[in-house]
Amino acid sequence: MSYLDLTIKEIHEALVAKKVTPLELVKQALERAKANTDNAFEIILDQEALAHASALVEPEIDNLLWGIPYVAKDNFSTKDIPTTGGSNILNGYVPLFDATVINLLKQKNAILIGKTTLDELAMGGTGKSGHKGKTFNPYDKTKQRMIGGSSSGSAAAVSAGIVPFSLGSDTGDSVRKPASYAGLVGVKPTWGRISRYGLFPFAPSLDHVGFFTRSAYDAAIVLASLAQSDPNDATCSQTAPENYMQSIGQSLAGKRIAIIEEIVKSKHRPEVIKAFDALVEQLKNDGAIVTIVKFRRDLLEAIFPIYITISCAEATSNAANLDGIKFGPPTWGATYEDAMRQARTAGFSELIKRRFVIGSYALLRENQDVLFLRAQKGRRLIVEQLNNIYQDHDLILAPSAPSIAPKFEDKTDQLSDEYLIADNHLVLGNFGGFPGITLPLGMLNDMPFGIHVMGRPFEEGLVLAAAQSIEKHTGLRNIIAPGEVNS
Amino acid sequence: MKTISKDILKKAASKLLFDMTEAQYTLLEDEFGTLLSQMDLIGKIPDIDSVAPMTFPFDTGTAFMRDDIPETPSPVTDILRNAGHVEDDQIKLPKVVG
């Protein structure tokens with residue numbers, strides 16, 4: 001057993017009792033990171049992490065992140081540390097400043113040991129489009145199954161027991177879906193709850209900073225450290241955060257939980273629905289009031305096209321600064337535009353170019369009304385319906401994915417019920433900015449599958465409490481993929 | 001709405017200042033078949049034009065000006081360190097005029 005296999009809370013207790021030091025933890029985390037074969041890392045920060053850990057001597061009893069190693073997705077700016085966003089167009093880019101979340105964790109003396117792989121510029125959900133190639137699911141030793149994306153490496157690092165928590169970002173489901181595939185707790189808080197200063201933007205109306213842990217309580221610890229206003233981010237809320245360590249302990253007795261019938265009845269593996277139904281009965285026994293509610297099917301079927309239209313359109317604007325002039329591999333041409341065209345042609349992958357073209361097509365003058373603006377209108381109709389549900393309910397519960405992690409070569413009919421609803425409903429949380437947590441629900445063929453709980457804006461405490469209750473029922477807390485680094 | 005053709009896709013890519021191969025345009029044209037079927041689902045929502053577009057989840061309510069806090073700017077050498085071509089403390093570009 002290694003202390004790295006414990007939760008943040010348990011590691012903290014060991015640090016305070018001086019059973020282990022930050023330096024010992026970091027050395028082992030670095031060893032595990034180097035031994036890992038899931039392609040989780042863009043860069044491993046040996047010198048920086050060892051120097052930071054060496055400077056930490058006297059434990060801070062009230063600081064639960066003191067001396068805890070972690071990793072961050074490579075789309076967070078890190079001062080003097082290369083940050084690529086998983087794209088060749090940013091090869092060699094070294095930011096001048098830290099993202100607010102990186103800075104907050106530095107102040108807590110959590111120790112950054114590496115930057116992790118992602119789908120290029122966070123614009124994907126498979127973990128195979130980043131410039132370093134596929135990231136693998138630590139649960140599948142045959143390397144056939146994806147871990148999902150776009151926060152692929154951050155999920156893999158926590159799932160493989162390299163670190164107890166990691167930073168990711170979630171624009172559609174980029175933290176919560178990989179969490180489902182990797183047996184993790186994946187948190188996407190309310191839009192505006194955590195500062196996005198220093199996060200590379202993909203689609204700002206949908207982007208959230210999120211994170212992975214292996215227990216609900218650890219999620220409360222990390223959220224408590226990151227949730228605050230930020231003068232550097234005008235979209236970061238001034239609403240005071242709850243006391244998450246306290247609110248996670250609340251009972252679900254009397255809480256009203258909605259289950260959207262059309263989501264649960266869309267195509268899932270029977271084992272997933274069986275486990276989901278069993279859990280619902282247990283929550284009812286806890287005193288929760290569970291209701292099946294209806295949702296307009298035409299709106300649910302439009303989730304994915306609305307998402308792809310809005311996100312790709314926003315992305316085309318956000319990526320306009322990636323010109324190969326101010327940063328990125330140097331290019332030259334007869335004109336400024338020629339230099340930029342060369343940089344972008346060489347720097348963007350085929351997949352990302354196709355996404356940008358989708359966005360540009362939706363924004364063409366003759367298409368804007370029927371595509372882009374209608375997608376934004378559809379988003380409003382969906383959020384209005386969700387808000388109606390929240391008038392009578394505290395939480396919405398659903399399976400987080402149709403099944404276990406798919407294989408890389410699996411094909412899905414992209415007009416099917418399974419794809420349009422079961423595989424994409426987590427985006428509802430991004431449309432309305434609702435806080436959501438995915439956590440393990442069960443195992444199938446030695447692969448995890450998950451459940452998703454979503455609450456009202458700025459009510460993360462109740463969502464965390466629900467996650468902790470679910471965790472007690474499933475017994476799937478702090479699970480680590482069996483493998484070469486932690487056996 | 002513009003119907004899809006390779007020319008339309010090339011126009012969109014050109015506006016984005018990158019090039020794609022013919023094979024990539026062919027693949028993208030095929031993908032658009034599915035994508036437009038998906039986008040049709042939005043148009044089929046009967047009351048789609050009854051509401052205003054939603055641009056953000058909600059107003060985060062920042063209604064004050066923060067205090068000015070003096071900061072020391074980064075050194076020029078640091079700011080320029082990511083640029084490929086630098087001359088006289090400025091980023092060098094291909095000549096535009098003359």
Of all residues being within 10 Å of chain B (Cβ to nearest Cβ) and open to solvent by 10 Å² or more (accessible area, probe 1.4 Å) in segment A:296-306, which is nearest to the chain's Cα centre (by Cα)? Just the residue, please. A:304
How many residues are open to solvent by 50 Å² or more (accessible area, probe 1.4 Å) and within 7 Å of chain B (Cβ to nearest Cβ) when one looks only at segment A:362-372? 2
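I'm trying to understand the selection: among the residues of segment A:231-244, which are open to solvent by less than 10 Å² (accessible area, probe 1.4 Å) and more than 10 Å from chain B (Cβ to nearest Cβ)? Reasoning before the result, please.
Initial filter on segment A:231-244 (open to solvent by less than 10 Å² (accessible area, probe 1.4 Å)): A:236-237, A:244.
Scanning segment A:231-244 gives a single hit, A:244.
Being under 18 Å from residue A:218 (Cβ atoms), open to solvent by less than 10 Å² (accessible area, probe 1.4 Å) and among the aliphatic types (A, V, I, L, M): is that true of residue A:405 here?
Working: under 18 Å from residue A:218 (Cβ atoms): no; open to solvent by less than 10 Å² (accessible area, probe 1.4 Å): yes; among the aliphatic types (A, V, I, L, M): yes.
Criteria not met by residue A:405.
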Within segment A:408-446, take every residue that is within 13 Å of another protein chain (Cβ to nearest Cβ) and among the aliphatic types (A, V, I, L, M) and give me the one that is most open to solvent (accessible area, probe 1.4 Å). A:415
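Name the residues in segment B:7-28 that are open to solvent by 60 Å² or more (accessible area, probe 1.4 Å) and more than 7 Å from every other protein chain (Cβ to nearest Cβ), would you? Lay out the reasoning, then the answer.
Within segment B:7-28, the subset open to solvent by 60 Å² or more (accessible area, probe 1.4 Å) is B:7, B:10-11, B:15, B:19, B:21-23, B:27.
Scanning segment B:7-28 gives B:7, B:10, B:11, B:21, B:22, B:23, B:27.
Quickly run through segment A:373-407 and pick out the residues that are more than 8 Å from chain B (Cβ to nearest Cβ) and in a helix (DSSP H, G or I). Full working, then the answer.
As a first pass, look at segment A:373-407 and keep what is more than 8 Å from chain B (Cβ to nearest Cβ): A:382, A:385-407.
Matches in segment A:373-407: A:382, A:385, A:386, A:387, A:388, A:389, A:390, A:391, A:392.
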Here are some residues: A:67, A:85. Which one is part of a loop (DSSP other than H, G, I, E, B), more than 14 Å from chain B (Cβ to nearest Cβ) and either in contact with a Leu (Cβ under 6 Å, 6 or more places away or on another chain) or crowded, with 19+ Cβ neighbours inside 10 Å (or both)? A:67
From the options A:49, A:14, A:33, A:53, residue that is free of Cβ contacts under 8 Å to residues at least 12 places away in the same chain, in contact with a helix residue (DSSP H, G or I) (Cβ under 8 Å, 6 or more places away or on another chain), in a helix (DSSP H, G or I) and open to solvent by less than 50 Å² (accessible area, probe 1.4 Å): A:14
Among the candidates B:84, B:61, B:98, B:43, which residue alone is open to solvent by 30 Å² or more (accessible area, probe 1.4 Å), modelled with pLDDT under 90 and either closer than 23 Å to residue A:374 by Cα or at the interface with another protein chain (Cβ under 9 Å from one of its Cβ atoms) (or both)? B:61
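Listed here are the residues, each with its yes/no results for (1) closer than 12 Å to residue B:16 by Cα; (2) out of contact with any helix residue (DSSP H, G or I) (no Cβ under 8 Å at 6 or more places or on another chain); (3) not in a helix (DSSP H, G or I).
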| residue | (1), (2), (3) |
| --- | --- |
| A:320 | yes, yes, no |
| A:327 | no, no, yes |
| A:331 | no, no, yes |
| A:351 | no, no, no |
| A:356 | yes, no, no |
| A:366 | no, yes, yes |
Tell me, which residue of segment A:307-329 that is over 25 Å from the mean Cα position of the chain (by Cα) and either open to solvent by 20 Å² or more (accessible area, probe 1.4 Å) or β-branched (Val, Ile, Thr) (or both) is nearest to the other protein chains (Cβ to nearest Cβ)? A:327
Whether any residue in segment A:245-252 is assigned to a loop (DSSP other than H, G, I, E, B), within 14 Å of another protein chain (Cβ to nearest Cβ) and either of a type in the set (A, V, I, L, M, F, W, C) or in contact (Cβ under 8 Å) with a residue 24 or more places away in the chain (or both) is what I want to check. no
Sole exception among (1) surrounded by 21 or more Cβ atoms within 10 Å (Cβ to Cβ); (2) assigned to a loop (DSSP other than H, G, I, E, B) for residue A:453, by number: (2)
Name the pairs whose Cβ atoms lie under 9 Å apart, with the first residue in segment A:345-361 and closer than 10 Å to residue B:19 by Cα and more than 8 Å from every other protein chain (Cβ to nearest Cβ), the second open to solvent by less than 10 Å² (accessible area, probe 1.4 Å) and in a loop (DSSP other than H, G, I, E, B), and 6 or more positions between them or separate chains? A:346/A:324; A:346/B:18
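The values are calculated or read from the model by the stated rules, or taken from the named source; none is laboratory data. Fair warning: this is a prediction, and the values are worked out from it, not measured in the lab. Ideal geometry is used to build each Cβ from the backbone, glycine not excepted, and the neighbour counts take in all protein chains shown. The area values use the complete protein model at the heavy-atom level, side chains included, leaving out ligands, DNA and RNA. Shrake-Rupley method; radii C 1.70, N 1.55, O 1.52, S 1.80 Å.
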